[in-house]
1. Taking the Cβ of residue 248 as the centre, find all other residues whose Cβ is under 13 Å away and add up their charges (Lys, Arg: +1; Asp, Glu: -1).
2. FRET efficiency for residue 261 and residue 176, Cβ-Cβ distance as r, R0 = 25 Å, nearest 0.05?
3. As an exercise, identify the trypsin sites (Lys or Arg not before Pro) in the range 217-267 lying in DSSP coil whose Cβ has no more than 15 other Cβ atoms within 10 Å.
4. Could you work out the longest stretch of the chain that avoids the GluC sites (Glu not before Pro) located in DSSP loops with at most 14 other Cβ atoms within 10 Å?
5. Does the range 163-261 classify as rounded, prolate or oblate by the C-alpha gyration tensor (a ≥ b ≥ c root eigenvalues; a/c under 1.5 gives rounded; else a/b over b/c gives prolate, otherwise oblate)?
6. With Cα Rg over 2.2 N^0.38 Å as the read-out, I listed [x] 1.17; [y] 1.05; [z] 1.31; which label goes with the value calculated from this structure?
7. Would you kindly find the accessible area of residue 29, with a 1.4 Å probe and non-protein molecules such as ligands, DNA and RNA excluded, rounding to the nearest 10 Å²?
8. Answer rounded, prolate or oblate for the range 3-73, using the Cα gyration tensor with square roots of eigenvalues a ≥ b ≥ c: rounded when a/c is under 1.5, else prolate when a/b is larger than b/c, else oblate.
Amino acid sequence: MDLIQCIETYVQVVQEGSFNAAARKLKTTSSAVSKRIQWLEDKIGIQLLKRTTRSLSITEAGSLFYDRSIKQLDSLQLLFDETRSMNDTPMGKLRIGASAVIGSKFIVRYVKQFIQNYPKVRLQLITTPSWKLPEVSYDIFISREHEQLNSLSLKATPLFEYSAKFYASQKYIDQYGEPSSFEDLVNHNVLICGEGSTRDITDINGKTITVSGNFSSTNAESLLYCARDGVGIIFASNIGVQSDLKKGMLLPILKHVTVDRSQVFAYYPKLEFEHQLSRLFLNYLKKQIALENSF
């Protein structure tokens, strides 16, 4: 029997919870799946799965074997992709993780051209909340500088500067006026990112004020929609509002005030060999950013 095929079958059985479901995924028979699992257990010399006519459960040894198998299969796939990429036509799968705003507002701008340049590369973008640590299985994770990411023994390369400022629509300004200072924001309707109706904001000089508003949301797109509609003032990253600024749907206010500034980094694992697809994508991103900043 093929060892890798049997390991892949075992992983599929654990993920699907049954031989029949795994067989459907693998486009084979449940009898073939059962034979592969039995061969694998005989090869290892220990029971991985407890099975009866009605149930299937994983043993302690099986759980350890599953966790290690996932990592080894990922590493093997990476090796295959890396080897294939040595030819003139890069190919394989690149898993990119990113915080939600950076993924939806920044990375997606470059996907189309990259895929056109490298049609045999398959991109997968997974976005996560900014507070959540990424999975270790990502090839690249792009986010603002994160202390916990720095402690994970990952390599990091800076991409661009991130800053958060205040924006409003012309509709809001015409109706309510424009704040004249950072402190004047307490007299305006500020859209709150979160679940409360108030929020403390500290500028980069250390001055803190408490702003309030009649609309709050944990969804960034909802806040942007309301800001465009003149409901209130929004404070957001330059990445998140870039397209709105170009279209004139939002205008910068209090241009001299910045409430947050940091670098955005690409984090990637330290590997024994360089992942060529990761390098290819990062070089492409850096080139596009440099071209945009040259105008």
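1. Details: positive: 171, 228, 246, 247; negative: 244.
Around residue 248, the surrounding residues sum to +3.
2. Values: r = 27 Å, r/R0 = 1.09.
Working from the Cβ atoms, E equals 0.40.
3. Working: sites: 228, 246, 247, 255, 261; in loops: 255.
Answer in residue order: 255.
4. Values: sites that count: 135, 145, 195, 272, 274.
Longest site-free region, per DSSP loop and neighbour criteria: 1-134.
5. Details: a/c = 1.25, a/b = 1.18, b/c = 1.06.
Rounded shape, in that the Cα axes give a/c under 1.5.
6. Comparing each candidate, only [z] matches the computed number.
7. Only protein atoms counted, so the area is about 80 Å².
8. Judged from the Cα gyration tensor, the range 3-73 comes out rounded (a/c under 1.5).
The values are calculated or read from the model by the stated rules, or taken from the named source; none is laboratory data. If you're wondering where the values come from, they're calculated on a predicted model, not measured in any experiment. Positions of Cβ are backbone-derived with ideal geometry, glycine not excepted, and every protein chain shown enters the neighbour counts. Keep in mind that these areas ignore ligands, DNA and RNA; they rest on the heavy atoms of the full protein, side chains included. Shrake-Rupley method; radii C 1.70, N 1.55, O 1.52, S 1.80 Å.
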